Amino acid sequence: MSQQTRTPIIAGNWKMNGSAGMAQTLTEAVAQGITSLDAEVVLIPPYPYLSLVGGAMSPSESHFKLGAQDLSVHDQGAHTGEVSGAMLVDLGCHYVLVGHSERRADHHESNEVVAAKFMAAQRAGLIPIVCLGETLAEREAGQTDEVVLGQLDAVIRAAGIESFERAVIAYEPVWAIGTGQTATPDQAQSVHASIRARIRDNSDTIGGQVRVIYGGSVKPDNAQEILSCEDIDGGLIGGASLEASSFLGICQAAR
Ligand code: 13P
């Protein structure tokens, strides 16, 4: 299946940034700027602003979607401070990140926990965006594919290959996140191709369909060359998603 049949996604992960006022203004500005794009555009604000951001999205733009940054492995019950997939669906979420490297590092989320969150998301009817990526030390030791495919295999083992019909994969090299140091198009394409090949080894059809997006210091001025790579189907944007003009510049590059 050719790349043209995979609708690109540009997702803005706001991380723990913003305020209610900023969330409102930024969402309205993005909503105005994305009309008639061929890409799906996803905003991923912190939990407290999900409802506000969902409300400020234009309902007529069906390719403008809401996502959350994390969810609980549990469906409900005595888990103080946790947020379930069903609650995110209630708030209008369509997507949820699982296994972001900041969660893996700050909260010691193992590959098994990430796989459990991936399955919890799908049980609730959400589309998980599962994040994979190696550290600088791992890359320098020549372990990039081993680490990234190991993270992917844990999810395939737990959830089964068919689950990737309703999932997105994000490759985010840890050393490129928030550093201004982007992977070169060749470096990114090579890992994306390995990820797609691993899915294809399990199911040729799903390997051709699954969207694999890149994250790590994507900006308007480098978006075009990264997003035009054969196996790169969009971007997961951090810092540059906090300003409407830079986020919209990246969305334009994904056309
Ligand atoms: P930056 O775009 O700020 O590097 O962040 C990438 C990221 O972690 C998105 O999830």
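The values are calculated or read from the model by the stated rules, or taken from the named source; none is laboratory data. Model, not experiment: these values are computed from the prediction. Cβ: placed from backbone, ideal geometry, glycine included. Neighbour counts: every protein chain shown. The area values use the complete protein model at the heavy-atom level, side chains included, leaving out ligands, DNA and RNA. Shrake-Rupley method; radii C 1.70, N 1.55, O 1.52, S 1.80 Å.
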C-alpha center-to-center spacing [region 4-37, region 107-166] in angstrom | 25
Please report the relative contact order for region 133-255, taking Cα pairs under 8 Å with a sequence separation of at least 6, and give it as a percent rounded to a whole number.
-> 25
First compute the accessible area of region 209-255 with a 1.4 Å probe, then give the percent of it belonging to carbon and sulfur atoms.
-> 44
Charge tally in the Cβ shell below 14 Å around ARG198, where Lys, Arg are +1 and Asp, Glu are -1, ARG198 excluded = -3
Relative to the Cα centre, what is the charge dipole magnitude of the chain, using +1 at the beta carbon of each Lys and Arg, -1 at the beta carbon of each Asp and Glu, and rounding to the nearest 20 debye?
-> 380
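Mind checking the per residue accessible area of the chain for me, 1.4 Å probe, whole number of Å²?
Result: 42 Å² per residue.
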Any chance you could get the radius of gyration and Dmax over the Cα atoms of region 60-107, in Å?
-> 12.4, 38
Distant-in-sequence amide H partners of GLY234 (H built 1.01 Å from N, under 5 Å) | ILE9, TYR214
For region 201-215, Karplus couplings with θ = phi - 60° (6.51, -1.76, 1.60), whole Hz, Gly/Pro x = 4, 8, 7, 4, 5, 5, x, x, 8, 5, 8, 10, 10, 10, x
Find the all-direction average of the projected area of the Cα convex hull for region 148-255, expressing the result in square nanometres with one decimal place.
-> 6.6
Highest GNM mean-square fluctuation among THR205, THR135, THR80, for the chain with Cα springs under 10 Å, belongs to THR80
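Quick one: plug the Kirkwood hydrodynamic radius of the chain (C-alpha pairs) into Stokes-Einstein at 4 °C, 1.567 mPa s, and report D in µm²/s. Intermediate results must be reported in sequence, preceding the final value.
On the way: Rh = 18.0 Å.
Translational diffusion coefficient: 72 µm²/s.
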Under Karplus coefficients 6.51, -1.76 and 1.60, residue-wise ³J(HN,Hα) of region 218-225 in Hz, glycine/proline x | 6, 10, x, 7, 10, 5, 4, 6
